[in-house]
Structures are given as C-alpha cells and as structure tokens.
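*Asks:* The structure under discussion is supplied below as structure tokens; questions concerning it will follow.
The values are calculated or read from the model by the stated rules, or taken from the named source; none is laboratory data. Source: prediction; values computed, not measured. Cβ atoms come from the backbone with ideal geometry, glycine included; neighbour counts cover every protein chain shown. Areas reflect the complete protein model, heavy atoms only, side chains present, ligands, DNA and RNA absent. Shrake-Rupley method; radii C 1.70, N 1.55, O 1.52, S 1.80 Å.
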Amino acid sequence: MTKAARGSLLGIEHMEAAEILGLLKLARHMNPLKPRPLLRGKRVLLLFYEPSTRTRSSFEIAAKSMGAMTTLVLSSGSSIEKGESLLDTAYTLRAVGADVIVIRHPHAGAPLLMANNLDIPVVNAGDGMHEHPSQALLDAYTILRHKKTLKGLQVAIVGDIFHSRVARSAVHLLSKFGARVTLCGPSEFLPEMATSLAPGLRISRHTEEAVRGADVIMVLRVQKERLAGTKISLQDYISRYQMTMARLKLAKRDAMVMHPGPIIRGLELTWEVADCPQSAIVEEVRNGVPVRMAILAKALGKAR
Ligand code: NCD
C-alpha cells in the first residue's frame, strides 16, 4: 500500500496534538461570512454513501466560501448502484478533475483505502463505526469557545457508544489533551473493552454518576432499531439514560450540552435540554463551517 496523500484527514487516533491544534487555530481565522478565494479553481468532490445533513452542507458551504467548486455524488443515482467498486469510483472522480475527495461511507477504512490509492487528499466525513474526525474537531473547537483548556475537563459521553464514530473520534481527541472522559450507556452499547480506546477512560452504567460534576455532557443519538436488538426497552432507555433537566442539574452550573445531531427529542434528550441555554447543539453545527474550511484549506495546501 502506498502512503495516504498529504493533507488527508482520515482519523484523530494517529494525529499529533500539534496538528490538531494547528487546525483549530486555523479555523479561528476562517469566516464563512467573509469569503476568501483561497481555493479558487479547486474542485471539491463530496462523495456520500450515507445520509447526511450537517456534515455534507457544511463541507459544501466551507468549500464554496473559499471559492472552490463542489460536486456532490450520492450512492443512489450514481454508478455505485450499478456495482462499481469504491476504487473505480475514486479513479473516476480523480479523472474528472477532483482535487480533494470528502467521503462518507458505511464501512470503516473506506477513506483510508481511497487515500492509499490516490494522489489527492481524502477527507473522512464518517466511516462506519470507525471515526468522524471533522466532528471531533468541531466539538473541540466549540468546547474551547467556552472553556480555557481541555486539560482536566470532565466530559461525560452518554448513549450508544459502541456504534458511534463520533464517540470514538471524540475520545481520541479529548484523551490526547488530558480531558477526563466517562462513557455511559447500557452494556449492549458500551462493552467493557471500550476502555481500551484510550488510557484513563472511565465507564459508568448510571447517568447520574456519569454527569455529576461534568463540564461537558455529550449526548449521542440512539437508533430505535438498534435498541430493539438489546434487552432494554425504549421506555427503559428513556428512564435510565435520557438527558433531562434534573440530570443536567447534577453537572457543573456552566456545563455544556452537546450532541452531533441529528437529535431525537424525547428519546436521548428532552425538549427542554435541547433548547436550554447550556445547549451548544446549534453552535456545534455553526462551528462546523469554519472548522471544515480549515480542513479543506489544509488538505489543499492553502493553510496560511
Ligand atoms: C453523526 C454521524 O453520522 O456519524 N452525525 C453527524 O455527522 N453529525 C451522528 C449520528 O448520525 O448519530
């Protein structure tokens, strides 16, 4: 296998802390309301094999606000439906002139495979249950708008940890910077082995215990069909793990509530929590644009 093209963003796990800080710093200089033609003439290919609202639209707006051209290819309606392989699709997109490919794929490792076989950078917009690096970066960016440092911060991640690429990338990033992360969820969604993700991770089966004294509460989406495959009923899940105002009150007074979206009100969190002043859910989405501007500028060698 060849080495992934320079500028690729495949995951947080193997990134150096300095590289992460560099991207976060660059994002602070990006303003989608003041477009800069940094990427004029560049072609950004958005290749989405899975549904997406936030990630897709923010990568597109990020690219366009720096003057790049974007082309969206969805698996439905493309040759992927006819059975074309991932690499043949990649070679096709390279041949039509893509300068960078942003890919979301249901299989872990799809972006790496593409990056190892192309001479252009590949950005992982979520691969299976593996990683979602741009989400972790925008979450870190959002936390650092409110907290001085990630070091020593108490972060509770509540929900379906096992299936969540968001949780995996967040754990890698937060652990690199010395945050104290507690994972919380029913055992089917949180196997003990989850602690091997990063050193110092804690597990809690009780939401109250996990959120007590927390600075940040990250709530994850729960898919009803996945819940159906466990011993926990929907009602049980709601009564034990749903983020409610009563549970939020156990956290620090200035605790932030985060969620990568899409949120399911009434399931993993209540309406009140979603809309409370401590909720940073909309801000996370907003911050996705400058963070993805930084990712694309770096991928295309225009990070100055
Ligand atoms: C997440 C994803 O697709 O991984 N959404 C997102 O990108 N903001 C989380 C989810 O779908 O639950």
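*Asks:* Do we have residue 13 as assigned to a loop (DSSP other than H, G, I, E, B), surrounded by fewer than 20 Cβ atoms within 10 Å (Cβ to Cβ), of a type in the set (Asp, Glu) and at pLDDT 95 or above here?
*Replies:* Against the criterion (assigned to a loop (DSSP other than H, G, I, E, B), surrounded by fewer than 20 Cβ atoms within 10 Å (Cβ to Cβ), of a type in the set (Asp, Glu) and at pLDDT 95 or above), residue 13 qualifies.
*Asks:* While we're looking at this one, here's another question. Would you pick out the residues in the stretch 65-92 that are part of a helix (DSSP H, G or I), out of contact with any strand residue (DSSP E or B) (no Cβ under 9 Å at 6 or more places or on another chain) and crowded, with 16+ Cβ neighbours inside 10 Å?
*Replies:* Selection gives nothing.
*Asks:* Only one residue in 95, 108, 62 is within 16 Å of the ligand (Cβ to nearest atom), open to solvent by 50 Å² or more (accessible area, probe 1.4 Å) and among the small types (Gly, Ala, Ser), so which one is that?
*Replies:* That would be 108, the only listed residue that is within 16 Å of the ligand (Cβ to nearest atom), open to solvent by 50 Å² or more (accessible area, probe 1.4 Å) and among the small types (Gly, Ala, Ser).
*Asks:* Here's a follow-up. Considering only residues that are out of contact with any strand residue (DSSP E or B) (no Cβ under 6 Å at 6 or more places or on another chain), away from the ligand (no atom under 16 Å from the Cβ) and open to solvent by 70 Å² or more (accessible area, probe 1.4 Å), look in the stretch 201-221 and name the one that is nearest to residue 129 (Cα to Cα).
*Replies:* Ranking the candidates gives 206 first.
*Asks:* How about the stretch 267-287: which of its residues are more than 20 Å from residue 141 (Cα to Cα) and assigned to a helix (DSSP H, G or I)?
*Replies:* Within the stretch 267-287, 271, 272, 273, 275 meet the criteria.
*Asks:* May I ask you to list the residues in the stretch 164-189 that are crowded, with 17+ Cβ neighbours inside 10 Å, within 20 Å of residue 236 (Cβ to Cβ) and out of contact with any strand residue (DSSP E or B) (no Cβ under 6 Å at 6 or more places or on another chain)?
*Replies:* 164, 185, 186, 189
*Asks:* Search the stretch 44-61 for residues that are under 16 Å from residue 285 (Cβ atoms) and pair each with any residue that is of a type in the set (A, V, I, L, M, F, W, C) and more than 11 Å from the ligand (Cβ to nearest atom) when their beta-carbon atoms are under 7 Å apart and the residues are at least 6 apart or on different chains.
*Replies:* 56/46; 58/289; 59/46; 59/102; 60/46; 61/289
*Asks:* Considering each of 253, 265, 247 in turn, give the residue that is open to solvent by 60 Å² or more (accessible area, probe 1.4 Å), touching a helix residue (DSSP H, G or I) at 6+ places or on another chain (Cβ under 7 Å) and among the charged types (D, E, K, R). Spell out the reasoning first.
*Replies:* Values: 253 fails: touching a helix residue (DSSP H, G or I) at 6+ places or on another chain (Cβ under 7 Å); 247 fails: open to solvent by 60 Å² or more (accessible area, probe 1.4 Å).
Exactly one residue qualifies, and that residue is 265.
*Asks:* For residue 125, state whether it is modelled with pLDDT of 95 or more, within 11 Å of the ligand (Cβ to nearest atom), buried (at least 22 other Cβ atoms within 10 Å of the Cβ) and not basic (Lys, Arg).
*Replies:* Considered against the rule, which asks whether it is modelled with pLDDT of 95 or more, within 11 Å of the ligand (Cβ to nearest atom), buried (at least 22 other Cβ atoms within 10 Å of the Cβ) and not basic (Lys, Arg), residue 125 comes out as yes.
*Asks:* Also, I was wondering about something else. Would you mind finding the one in 233, 239 that is out of contact with any helix residue (DSSP H, G or I) (no Cβ under 9 Å at 6 or more places or on another chain) and either within 16 Å of the ligand (Cβ to nearest atom) or not β-branched (Val, Ile, Thr) (or both)?
*Replies:* 239
*Asks:* Those residues that are surrounded by fewer than 22 Cβ atoms within 10 Å (Cβ to Cβ) and either outside the structural domain of residue 121 (by TED's automatic domain parsing) or on the phi < 0 side of the Ramachandran plot (or both), I need them from the stretch 31-41; list them, please.
*Replies:* Taking the stretch 31-41 as the starting set, the residues that turn out to be surrounded by fewer than 22 Cβ atoms within 10 Å (Cβ to Cβ) are 31-38, 40-41.
Correct list: 31, 32, 33, 34, 35, 36, 37, 38, 40.
*Asks:* Specify which of the listed residues (170, 156, 95) is farther than 12 Å from residue 47 by Cβ, free of Cβ contacts under 8 Å to residues at least 12 places away in the same chain and of a type in the set (Gly, Ala, Ser).
*Replies:* Selected residue: 95, the only one of 170, 156, 95 that is farther than 12 Å from residue 47 by Cβ, free of Cβ contacts under 8 Å to residues at least 12 places away in the same chain and of a type in the set (Gly, Ala, Ser).
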